[in-house]
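The values are calculated or read from the model by the stated rules, or taken from the named source; none is laboratory data. Source: prediction; values computed, not measured. A quick note on method: Cβ atoms are made from the backbone with ideal geometry, for glycine too, and the neighbour counts reach across all protein chains shown. Ligands, DNA and RNA are excluded from the accessible area calculation, which covers all protein heavy atoms including side chains. Shrake-Rupley method; radii C 1.70, N 1.55, O 1.52, S 1.80 Å.
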Amino acid sequence: MEVVDHEKAAVVEVTAEAGGLGVGQGPIADADGVEEGPVVELVLVDVADLLDGAGVDAGETAALLSPYLTRPGYSGSITMPAADLDAAVTRFDGMGLQVHMHAIGDAAVRAGLDAFAAARAKNGVKDNRHHISHLQLIDAADIPRFKELGVAANFQSFWAWPDDYILKLNMPQVGPERVQRMYPIGSVQRAGGRIVGGSDWSVSTVNPLAAMEVAITRQDPDNVRTDVLNESERVDLATMIAAYTIEGAWLMHHEKNTGSIETGKAADIVVLDKDLFKVPPAKLDAVRVDLTMLDGKPVYERSGAP
């Protein structure tokens with residue numbers, strides 16, 4: 001069993017109590033879900049930091065590089081001064097802690113990447129596997145920086161379709177050009193960035209198959225609407241399967257133990273009722289789970305499954 005370094009834990013606890021950062025612990029079966037089965041380790045996984053608000057939403061809380069169209073001169077704001085963010089990330093990086101950032105707007109994403117760059121300049125290259133989650137808007141100049149800085153892009157791809165939230169709320173606020181740049185999964189992938197799949201459960205579905213479907217189609221998962229949110233940002237099925245398996249395991253430093261079916265790894269396996277590569281992308285969310293195994297032991301079996 002690994003033991004949490006008490007000095008590190010104390011530093012993070014004090015910081016969290018000050019209202020700036022939160023603590024995440026693992027391991028976890030799904031980045032946003034509930035683990036079934038015994039916990040075999042207690043490991044301090046990451047320090048979480050909320051860089052901007054809940055979204056390009058009614059409160060206009062996302063931090064943008066250019067102003068909201070509905071509030072001339074107003075671009076939202078970052079939750080802490082850049083110097084403080086850089087110092088905090090540099091300190092935690094130097095302690096060997098993984099930093100997990102929430103960033104919705106392109107200004108928040110840039111601030112996060114700048115902080116990781118500051119940490120690397122001070123501490124050198126480390127294997128802490130930092131990541132930024134949500135990523136509704138990323139400026140084109142910052143897309144290559146995910147690869148350059150070794151920062152994982154943790155997308156909630158289920159959100160990447162033109163629903164009422166985007167068309168009726170976001171469109172008037174930021175305009176069609178920025179709407180078409182939302183959730184640039186394909187751009188980050190083509191630039192060599194590491195794509196990791198998240199859900200933000202319980203805000204949205206925990207079902208990775210539904211998120212994979214939207215990442216591939218960029219369309220309504222209920223197949224009611226036919227419009228597409230930036231077709232060029234589509235990715236393929238193999239990319240999204242990896243995002244929800246081996247890339248998630250890598251993010252948690254568990255890729256040698258789980259995340260793929262290989263000799264010597266834990267038998268953490270999901271058996272589906274259909275071959276995903278033979279299912280039309282728009283029907284991926286209808287595929288059912290027949291069996292789930294953790295370390296070779298069944299933890300879920302669908303009634304009526306063959």
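How big is the Rg/Rh ratio for the range 202-256, C-alpha atoms only, Rh by Kirkwood, two decimals?
That ratio equals 1.05.
Give me, ordered by chain and number, the residues 5 or more places off HIS102 or on other chains with an amide H under 5 Å from its own placed amide H.
The list, which skips near neighbours in sequence, is ASP49, LEU50, LEU51, SER133.
Could you derive backbone 3J(HN,Hα) for the range 295-303 from the dihedral phi with the Karplus parameters 6.51, -1.76 and 1.60 (θ = phi - 60°), listing whole Hz in sequence and x where the residue is Gly or Pro?
Going residue by residue, I get 6, x, 10, x, 10, 8, 9, 6, 5 Hz, with x marking Gly and Pro.
If packing is taken as the mean number of other Cβ atoms within 10 Å per residue, what is the order of 78-86, 110-118, 236-244, highest first? Show your work: numbers first, answer last.
Details: 78-86: 15.7, 110-118: 22.2, 236-244: 19.0.
Packing proxy ranking, top to bottom: 110-118, 236-244, 78-86.
Write down the Kirkwood hydrodynamic radius of the range 204-306, to one decimal in angstroms, obtained as one divided by the mean of 1/r over all alpha carbon pairs.
Details: mean 1/r = 0.0667 Å⁻¹.
The Cα-based Kirkwood calculation yields 15.0 Å.
Bin width 5 Å, origin at 0, all Cα-Cα pairs of the range 108-157: what percent of pairs per bin?
5, 20, 36, 24, 11, 4, 0
Given the convex hull over the Cα atoms of the range 153-195, what projected area results after averaging over all orientations, in nm²?
Averaged projected hull area, Cα only: 3.1 nm².
Calculate what fraction, in whole %, of the accessible area of the range 183-306 sits on carbon and sulfur atoms when a 1.4 Å probe is rolled over the protein chains.
54
Can you list the residues, at least 5 places off or on another chain, whose amide H is less than 5 Å from the amide H of LYS126, using H built in the peptide plane?
Correct list: empty.
Defining a contact as two alpha carbons under 8 Å apart and six or more residues distant in sequence, what relative contact order in percent does the range 236-288 show?
Worked out over the range 236-288, it gives 21 percent.
Per residue, what volume in Å³ does the convex hull of the Cα atoms of the range 68-120 enclose?
Hull volume over Cα atoms, normalised by residue count, gives 72 Å³.
Keeping all protein chains in position, work out how much accessible area TRP159 exposes to a 1.4 Å probe, and write it in Å² to the nearest 10.
50
With the full set of protein chains in place, find how many percent of the accessible area of the range 64-157 is carbon and sulfur; take the probe as 1.4 Å.
54
Packing-wise, with mean Cβ within 10 Å as the measure, how do 256-263, 193-200, 61-68 rank, highest first?
The peptides rank, most packed first, as 193-200, 61-68, 256-263.
Across the range 124-134, in residue order, what do the Karplus-derived ³J(HN,Hα) couplings come to in whole Hz, using 6.51 cos²θ - 1.76 cosθ + 1.60 with θ = phi - 60° and x for Gly and Pro?
x, 7, 10, 9, 8, 6, 5, 8, 10, 10, 5
Calculate the radius of gyration of the Cα atoms of the range 93-216 to one decimal place, then report Dmax, the largest Cα-Cα distance, as a whole number, both in Å.
Spelled out, the Cα radius of gyration and Dmax of the range 93-216 are 14.8, 45 Å.
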